[in-house]
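The values are calculated or read from the model by the stated rules, or taken from the named source; none is laboratory data. Quick caveat: nothing in here was measured; it's all calculated off a predicted structure. A quick note on method: Cβ atoms are made from the backbone with ideal geometry, for glycine too, and the neighbour counts reach across all protein chains shown.
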């Protein structure tokens, strides 16, 4: 049975700051420098072929409704509040495009030789920009799609067990809610960077509620390591990032643009304007009271918000 609530977003005033990141398992979080950038070289992502439409020459996507991948995660700010974010995000992407050679941004003829480093035909542009609809913040990844879990019965067990963990995590006393005056998540852009494999927008969560959620999920998972093992689930697949971010860019194949030049342009053309009024501004805060547990039948949250993909909705109210 799904728990369905209404998602709310507003804008308010605040200031940006910096963040750190790591991946953490059930034993908790640690603060370490951001792992992926800014980069001095770029890497292709072969998984991107799975998000292209099936009719695309470079696509490896299936034509099934759900797709052929299987990942489980908890997310927030998804679907994103496009009435607030679409315009500044598109302005941001326009500036990012100017950091790359045009050949990296525009789709190339399919008869061009394949990029030997990635094996992906350059019919897809080297630089892939996430559409606004796919923006999200990951709270935790329970089971990554890269595990290639295709057995339907195994998928069913994973969905059942991790869903139950999230339900019980949300019932812990330290879980943010009205009772502890943390019934909203509040997000503010505080930076951006282009790493080897991805470009990310960095957020600051202003209330501490996201940190509390992640701790509850970690502790609930830690309390179930043995019971999960009995049904064939490795609790160590749980990944909890120690940053708050939204991916905006990946690479279909290695760009011809020199990484050093891209980073210089990004520093000069994009970052100085990140908090300007025509981009994200200095006073944009996005609020939500809801998180969702979803199944990634297609990688990188390129999925619709519907019953095939949303396994659970939890409100902080």
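Per-structure values
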| quantity | calculated |
| --- | --- |
| Given (1) outside any loop (DSSP other than H, G, I, E, B); (2) modelled with pLDDT of 90 or more; (3) more than 30 Å from residue 161 (Cβ to Cβ), index of the condition residue 74 fails | (3) |
| Test: residue in region 192-201 that is part of a helix (DSSP H, G or I), at pLDDT 95 or above and closer than 30 Å to residue 50 by Cα | no |
| Options 207, 288: the member that is closer than 26 Å to residue 88 by Cβ, surrounded by 16 or more Cβ atoms within 10 Å (Cβ to Cβ), free of Cβ contacts under 8 Å to residues at least 60 places away in the same chain and out of contact with any helix residue (DSSP H, G or I) (no Cβ under 9 Å at 6 or more places or on another chain) | 207 |
| Set 280, 275: member being surrounded by 17 or more Cβ atoms within 10 Å (Cβ to Cβ) and in contact with a strand residue (DSSP E or B) (Cβ under 7 Å, 6 or more places away or on another chain) | 280 |
| Enumeration of residues in region 134-162 that are within 19 Å of the chain's Cα centre (by Cα), in a helix (DSSP H, G or I) and surrounded by 16 or more Cβ atoms within 10 Å (Cβ to Cβ) | 134, 145, 162 |
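Okay, residues lined up against (1) more than 17 Å from residue 144 (Cα to Cα); (2) crowded, with 21+ Cβ neighbours inside 10 Å; (3) free of Cβ contacts under 8 Å to residues at least 24 places away in the same chain; (4) under 25 Å from the mean Cα position of the chain (by Cα):
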{"position": "224", "(1), (2), (3), (4)": "yes, no, no, no"}
{"position": "227", "(1), (2), (3), (4)": "yes, no, yes, no"}
{"position": "231", "(1), (2), (3), (4)": "yes, no, no, no"}
{"position": "234", "(1), (2), (3), (4)": "no, no, yes, yes"}
{"position": "237", "(1), (2), (3), (4)": "no, no, no, yes"}
{"position": "241", "(1), (2), (3), (4)": "no, no, no, yes"}
{"position": "252", "(1), (2), (3), (4)": "yes, yes, no, yes"}
{"position": "256", "(1), (2), (3), (4)": "yes, no, no, no"}
{"position": "260", "(1), (2), (3), (4)": "yes, no, no, no"}
